[in-house]
Each structure stands twice: as structure tokens, then as C-alpha cells.
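The structure appears right after this line, and notes come after that.
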Amino acid sequence: ACAALTLAGCAPQLERAFATPGAREVAIVVNSPGGSPAQAHLIHRRIRQLAAEKELAVTAFVEDAAASGGYMIACAADEIVADPSSIVGSIGVISASFGFDRAIERIGVERRLHTSGSNKAILDPFSPEKPEDVERLKEIQREIHEHFIALVKERRGSALNDADGELFTGAFWTGATGLGLGLVDRIGDLRSTLRERWGDKVDIRLIASRQPLLRRLSGRGEGVGAELAGEALAMLEARAMWSRVGL
């Protein structure tokens, strides 16, 4: 599981896992409500590249959630095992921001914005929203969404059951319901699944991140406040992402 949905944050763990001497299988625990689609795709590709290089099977275990970009990562596995109460799916693209143009007008602030390039400041949160800017954003979202759908179809294949036409709408389900939809392959957990597969004496080696969630808390210097503020904002953003899937 990766605290930050970035290839840089997950790559060291992945490299160590696939380089484990005598490994018969790599198990990846997924706990993510999503994040950057580009970073999720990069992580997905790295997993597939390592699996091919080391000729190792990969199983993804979903605990709390594998939603949006988290589900894209889970799809890199040959098999997806989920807790019945986990959240899976959310195959869609979202962009969220705030509009402050009316607020700054009320408090008497004048917005001064100078650009080179007519589209450089589209969707500026301090300027009124323009329909053409929104349509441009939606075009980008549609393109990313189509890529996401194609990836899921490629990896999940005939297992998918989209009888109701809801799979690719951005909706999400519990792991138990996701089993019937073909989003996951079975219900279970890491330890019991691996013991069933490799025997009670299976050696499960945990490879966790070496970096704490909050870095340099006791640091000194002018940058410390900014770093902590950045960490706080990142935590708030993560909290909002988990809230979108009801967790």
C-alpha cells in the first residue's frame, strides 16, 4: 500500500518485493481511494514490467479501498482479492476546485492577471468560469476516462459483468458486490489466501515504506513551516478523497 499515489513513493517497495530471493509470488496490498491518473498508470506499468522481468505472479489484496487510481493499480495484478466490506471501482475521472471571484469582489480585492497565451489562465479560481474552459477540461477528462476504461477491459477481460451499464460511470461498490461485477476475483484476505495457496508454513515477508508520513517534523529553518503546511494540505486532500468513497 502506498501512502502517496506516486511512482517515486512506491517504486522502492516494488523493486524490493520483486527482488526477494526465492519469491514465488508478489502480493500487493491496495489501500487507495485514487489520486493522479498518470501516477496510477505509471505504478500499474511498473508492476507489469517487474512481473514480466521476474516471471512472478501478482495478487492484489484490497483492504479498505481500491477506487479510481487505486483500482487501476489493482488491475496490474493477475488476481484481485478483496475484503467483502472494501470499496472497489470508481472508474472515472474527477476534477475539483473552488471559485473565489465573487468572494474577492465582496471584500474589495481586484484580480490582476497577465498571461502570454490566450488559454494560459483557463479555469483560474479567482476569475468567473467560462463555458469554453469547462468544455476543454471535459474533453481532457473524456480522453483520460477512455484510457482508464480500455485498461480495465484489457486486464479484466471477460470477467467483467456490465449488464446494467454502470461499471464505467464512476460508481463504486463493496468488494462483495464487485465480485459479481467481475471487478474482483474472490473475497478474502492476504494471510488466509496465501496459506491456502502455499501452505500453512508460507513465509510472508512484509516490505513497507521506510519514510514516515510526516517528514522532518523536528527540522529547523525557514522552510519547516511551509513543509508542515504542505503536509497538512496533503492530509486534508487525502481525507477528502477517502470521503468520496464513504470512508
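A few comments on the model shown:
- Residues in the stretch 155-188 that are more than 20 Å from the chain's Cα centre (by Cα) and among the basic types (Lys, Arg): 1 in all.
- Hits in the stretch 26-61 - residues which are among the hydrophobic types (A, V, I, L, M, F, W, C), part of a helix (DSSP H, G or I) and without any contact (Cβ under 8 Å) to a residue 40 or more places away in the chain: Ala38, Ala40, Leu42, Ile47, Leu50, Ala51, Ala52
- Test result for Leu7, over 26 Å from Pro84 (Cα atoms), in contact with a helix residue (DSSP H, G or I) (Cβ under 8 Å, 6 or more places away or on another chain) and modelled with pLDDT of 95 or more: no
- Being in a loop (DSSP other than H, G, I, E, B), surrounded by 19 or more Cβ atoms within 10 Å (Cβ to Cβ) and modelled with pLDDT under 95 is a condition met by at least one residue of the stretch 62-77.
The values are calculated or read from the model by the stated rules, or taken from the named source; none is laboratory data. Since the model is a prediction, treat every value here as computed from it, not as a measurement. As a convention, Cβ positions derive from the backbone with ideal geometry for all residues, glycine included, and neighbour counts pool all protein chains shown.
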